[in-house]
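First comes the structure, then the notes that go with it.
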Amino acid sequence: MKSLNTWITLAMAFAAAPALAQTPAPAAPAAATARGPQTNWWSQAGGENGPERIVWAAQKTPETPYTGVNKPIWHIADILKSHQGQARWEEKVVLTRDFDGRYVQMAPGDKAKCMFYADDRVFGWVYSGAVKMTIDGQEPKVLSKGWAFNVAPRLSYCMETVGTEPVVYYRNTPAGQVPSYPESETPTPIPGYKYIKTKITSTGGYDSFNVPFFNVTEYGDSKRTGERFLYDGHTSSNLNIGMNLTELPPATNWGHWHANMVELWVNVYGNVCALISGVGVVHGELGDVINANEERWHRATSCPNTGKSIRMAMTPRSKEGQVHYYQVDQRPAGQ
């Protein structure tokens with residue numbers, strides 16, 4: 001993996017089945033199928049089902065470096081060790097143009113302030129312990145290890161530790177944005193901002209592609225596939241299943257890359273092995289966070305002989321369509 005750029009100058013967006021693509025698109029409406037192929041395919045909605053074509057794609061050289069808190073992999077074991085003896089803490093592990101990702105521990109009896117973000121979602125996954133989560137318009141729910149949550153824009157959410165053990169969870173908020181609070185809360189001061197009372201009529205909610213709570217462990221233990229839990233115009237977080245492998249795909253298969261965007265994964269079931277250009281293969285266990293920087297080739301699968309895996313993949317702009325650049329000489333595989 002010394003320099004993938006010396007091996008390839010062309011890239012293409014192949015048509016890929018949802019099981020192979022890391023960011024599958026929803027099925028086309030039945031009516032579109034009945035009409036047959038669209039003649040002016042260049043005008044159809046963004047997706048990964050267009051005709052194959054060869055293009056020139058710009059990769060940064062040298063490759064986009066990892067800076068600040070961003071690393072190819074954060075091991076949850078190292079995070080927990082660094083906070084040993086602390087009752088409550090936060091560890092920022094992701095900061096991109098789109099996402100601010102953190103691991104959080106709340107102590108027994110802790111309650112977080114209710115808050116919301118104006119136009120973007122808050123979502124995450126429980127690593128250990130249990131937390132009671134209350135979202136506007138939803139019945140409060142106790143989330144234990146393995147549950148994911150998805151807070152729609154403009155809906156306040158409140159979190160409270162349940163039981164005698166601390167709760168540890170991964171939480172993603174929109175990068176560079178500050179929260180709003182319901183009138184009943186006292187906002188936490190933020191330098192450079194002042195909170196003023198205002199009135200809104202905007203609403204938020206859920207649809208067939210978005211659910212407030214999702215049991216990832218139950219999903220992984222079942223034979224179900226292809227289910228979504230978060231998907232909108234700004235954010236996509238797919239629960240991508242990797243089947244059991246006896247060996248990794250060949251080193252000549254580099255997966256794909258995205259222009260101008262990072263792809264992130266939280267290992268939420270089993271073990272994930274990700275090949276990242278310039279880094280090599282990183283081995284992620286349950287709870288680890290893997291980061292494939294902008295324009296870096298990446299290929300994620302289960303680790304060999306460890307059973308099925310699920311990675312909570314995070315990318316922006318999936319609904320409008322995001323280009324997957326693949327190798328010219330290979331079909332996308334091992335994704």
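The values are calculated or read from the model by the stated rules, or taken from the named source; none is laboratory data. Computed from a predicted structure; not experimentally measured. Cβ atoms come from the backbone with ideal geometry, glycine included; neighbour counts cover every protein chain shown. In case anyone asks, the SASA skips ligands and DNA or RNA and just uses the protein heavy atoms, side chains included. Shrake-Rupley method; radii C 1.70, N 1.55, O 1.52, S 1.80 Å.
Being open to solvent by less than 10 Å² (accessible area, probe 1.4 Å), in contact with a Gly (Cβ under 9 Å, 6 or more places away or on another chain), within 23 Å of residue 127 (Cβ to Cβ) and at pLDDT 90 or above is a property that does not hold for residue 313.
Take the conditions (1) farther than 19 Å from residue 291 by Cβ; (2) among the hydroxyl-bearing types (Ser, Thr, Tyr); (3) assigned to a loop (DSSP other than H, G, I, E, B); residue 67 misses just one of them, which is (1).
All of 11, 15, 25 fail the test of being modelled with pLDDT under 50, surrounded by 14 or more Cβ atoms within 10 Å (Cβ to Cβ), within 21 Å of residue 293 (Cβ to Cβ) and small (Gly, Ala, Ser), apart from 11. Restricting segment 278-310 to residues that are touching a Cys at 6+ places or on another chain (Cβ under 8 Å) and within 15 Å of residue 249 (Cα to Cα) leaves a set whose member that is most open to solvent (accessible area, probe 1.4 Å) is 283. Just for segment 211-252: of the residues that are surrounded by fewer than 20 Cβ atoms within 10 Å (Cβ to Cβ) and among the polar types (S, T, N, Q), which one is nearest to residue 296 (Cα to Cα)? The qualifying residue nearest to residue 296 (Cα to Cα) is 252.
Being on the phi > 0 side of the Ramachandran plot, part of a loop (DSSP other than H, G, I, E, B) and either hydrophobic (A, V, I, L, M, F, W, C) or in contact with a Lys or Arg (Cβ under 6 Å, 6 or more places away or on another chain) (or both) is a condition met by no residue of segment 310-326.
Taking segment 55-71 as the range and being in contact (Cβ under 8 Å) with a residue 40 or more places away in the chain and aliphatic (A, V, I, L, M) as the test, the residues that pass are 55, 57, 58. With the requirement that a residue be within 15 Å of the chain's Cα centre (by Cα) and either part of a loop (DSSP other than H, G, I, E, B) or not small (Gly, Ala, Ser) (or both), what does segment 270-285 give you? Residue satisfying the conditions is 272 alone.
In this structure, is residue 293 over 18 Å from residue 323 (Cα atoms), under 15 Å from the mean Cα position of the chain (by Cα) and of a type outside the set (A, V, I, L, M)? No, not satisfied. Take the residues in segment 253-277 that are in contact with a helix residue (DSSP H, G or I) (Cβ under 8 Å, 6 or more places away or on another chain) and in contact (Cβ under 8 Å) with a residue 60 or more places away in the chain; name whichever of them is most open to solvent (accessible area, probe 1.4 Å). That would be 269.
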